[in-house]
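This report refers to the structure that appears directly beneath it.
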């Protein structure tokens with residue numbers, strides 16, 4: 001089967017047969033571009049999504065079972081129904097919008113699966129998944145799961161002015177603290193920003209990214225701020241080499257959001273996991289925990 005995660009910034013595909021992971025592909029499509037201003041998915045974003053799906057069709061056999069989910073941007077957009085119908089008409093893929101709770105649970109299952117493979121699953125932890133249009137926070141403790149979805153994402157925050165961005169980061173930090181009261185707990189981070197920070201620290205750029213090296217990486221908040229400073233000093237071309245086309249400005253807001261989560265939860269270190277919603281969709285298809 002093919003699992004597809006159409007997020008607010010990136011669309012991600014992966015093959016899975018219930019035992020072995022197959023090919024994977026992702027592309028930045030910026031679904032949530034200008035969403036906070038217009039409350040709609042714009043035409044350029046729709047075309048980018050359609051193009052990305054058509055590119056994926058050159059890599060995957062789309063005659064097999066497909067489970068396509070989409071998240072925050074489509075939850076928030078006034079024109080989500082029309083947008084998804086247009087994508088389906090052009091590609092044959094009709095996405096299902098899932099709510100923040102289901103998104104968080106599927107992501108948690110993928111992260112727990114990877115932590116188990118690594119032999120690193122703590123008995124309790126807080127999982128933060130920073131997306132393009134929302135951030136999902138999940139507290140896991142002895143099979144007890146509490147989730148909250150916050151309408152703050154790297155795409156929507158990065159489109160604010162510099163002064164507005166810093167104010168929104170403070171608001172986001174307060175929202176995290178109120179949602180998950182600070183107490184000693186392991187912090188686990190997934191999604192593009194923390195994995196990009198870890199990859200940079202491991203000497204990788206966007207083209208040479210290897211998930212197996214990133215999974216289980218222990219990232220300190222001091223290193224996040226160091227990477228922020230170094231990326232900020234780079235020209236756009238060099239920064240693009242490390243973070244990917246279309247993310248050269250988003251990464252700045254993303255790192256500030258990551259740091260805000262550390263500070264809100266009183267954490268100094270986090271475990272980084274590459275697996276996320278895409279893998280969770282595939283596990284759900286086969287009813288795997």
Wholly enclosed helices (runs of 4 or more DSSP H) of the stretch 60-141 bearing at least 2 residues without any contact (Cβ under 8 Å) to a residue 60 or more places away in the chain and closer than 18 Å to residue 10 by Cβ
80-91, 100-118
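Is there a residue being under 30 Å from residue 140 (Cα atoms) and buried (at least 18 other Cβ atoms within 10 Å of the Cβ) anywhere in the stretch 80-92?
The initial filter retains those residues of the stretch 80-92 that are under 30 Å from residue 140 (Cα atoms), namely none.
No; the residues of the stretch 80-92 include none that is under 30 Å from residue 140 (Cα atoms) and buried (at least 18 other Cβ atoms within 10 Å of the Cβ).
Of these, 216, 192, 254, which one is farther than 24 Å from residue 174 by Cβ, assigned by TED's automatic domain parsing to the domain that holds residue 124 and under 17 Å from the mean Cα position of the chain (by Cα)?
Values: 192 fails: farther than 24 Å from residue 174 by Cβ; 254 fails: farther than 24 Å from residue 174 by Cβ.
Of 216, 192, 254, the one residue that is farther than 24 Å from residue 174 by Cβ, assigned by TED's automatic domain parsing to the domain that holds residue 124 and under 17 Å from the mean Cα position of the chain (by Cα) is 216.
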Considering only the stretch 117-137, I want to know if a residue exists there that is surrounded by fewer than 18 Cβ atoms within 10 Å (Cβ to Cβ), over 28 Å from residue 217 (Cα atoms) and not assigned by TED's automatic domain parsing to the domain that holds residue 44.
no
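Is there a residue in the stretch 61-69 that is buried (at least 19 other Cβ atoms within 10 Å of the Cβ) and modelled with pLDDT of 95 or more? Before the answer, list the steps.
Applying the first criterion (buried (at least 19 other Cβ atoms within 10 Å of the Cβ)) to the stretch 61-69 yields 68-69.
Subsequent filtering for residues that are modelled with pLDDT of 95 or more retains 68-69.
Looking through the stretch 61-69, at least one residue is buried (at least 19 other Cβ atoms within 10 Å of the Cβ) and modelled with pLDDT of 95 or more.
Does residue 225 meet the test of being farther than 26 Å from residue 113 by Cβ and free of Cβ contacts under 8 Å to residues at least 60 places away in the same chain?
Details: farther than 26 Å from residue 113 by Cβ: yes; free of Cβ contacts under 8 Å to residues at least 60 places away in the same chain: yes.
Answer is yes for this residue.
Do we find that residue 147 is within 27 Å of residue 37 (Cα to Cα) and crowded, with 16+ Cβ neighbours inside 10 Å in this structure?
Details: within 27 Å of residue 37 (Cα to Cα): no; crowded, with 16+ Cβ neighbours inside 10 Å: yes.
For residue 147, the condition - within 27 Å of residue 37 (Cα to Cα) and crowded, with 16+ Cβ neighbours inside 10 Å - is not met.
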Unmet requirement for residue 22, which otherwise passes all of (1) touching a residue at least 12 places away in the same chain (Cβ under 8 Å); (2) assigned to a strand (DSSP E or B)
(1)
Sole miss for residue 210 among (1) without any contact (Cβ under 8 Å) to a residue 24 or more places away in the chain; (2) farther than 27 Å from residue 24 by Cα is condition (2)
Return the residue satisfying two criteria in turn: it lies in the stretch 152-170 and is assigned to a loop (DSSP other than H, G, I, E, B) and modelled with pLDDT under 85, and of such residues it is nearest to the chain's Cα centre (by Cα).
153
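For residues that are part of a loop (DSSP other than H, G, I, E, B) and touching a strand residue (DSSP E or B) at 6+ places or on another chain (Cβ under 6 Å), scanning just the stretch 269-282, find the one that is surrounded by the fewest Cβ atoms within 10 Å (Cβ to Cβ).
Of the residues in the stretch 269-282, the ones part of a loop (DSSP other than H, G, I, E, B) are 273-276.
Retained after the next criterion (residues that are touching a strand residue (DSSP E or B) at 6+ places or on another chain (Cβ under 6 Å)): 273, 276.
On the way: 273: 30, 276: 26.
Step by step, filter the stretch 269-282, then rank; the result is 276.
Residues to consider are 3, 52; find the one that is crowded, with 17+ Cβ neighbours inside 10 Å, on the phi < 0 side of the Ramachandran plot, part of a helix (DSSP H, G or I) and touching a strand residue (DSSP E or B) at 6+ places or on another chain (Cβ under 6 Å).
Working: 3 fails: part of a helix (DSSP H, G or I).
One residue alone meets the criteria, 52.
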Against the definition (without any contact (Cβ under 8 Å) to a residue 40 or more places away in the chain and either in the same structural domain as residue 192 (by TED's automatic domain parsing) or crowded, with 21+ Cβ neighbours inside 10 Å (or both)), how does residue 247 come out, yes or no?
no
Filtered residues of the stretch 221-255 (kept if in contact with a helix residue (DSSP H, G or I) (Cβ under 9 Å, 6 or more places away or on another chain) and outside any helix (DSSP H, G or I)):
234, 244, 245, 246, 247, 248, 249
State all residues of the stretch 273-289 that are under 12 Å from the mean Cα position of the chain (by Cα) and over 16 Å from residue 71 (Cα atoms); if no residue qualifies, say none.
273, 274, 275
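The values are calculated or read from the model by the stated rules, or taken from the named source; none is laboratory data. All values reported here derive from a predicted model rather than from experimental measurement. We place every Cβ from the backbone using ideal geometry, glycine too, and count neighbours over all the protein chains shown.
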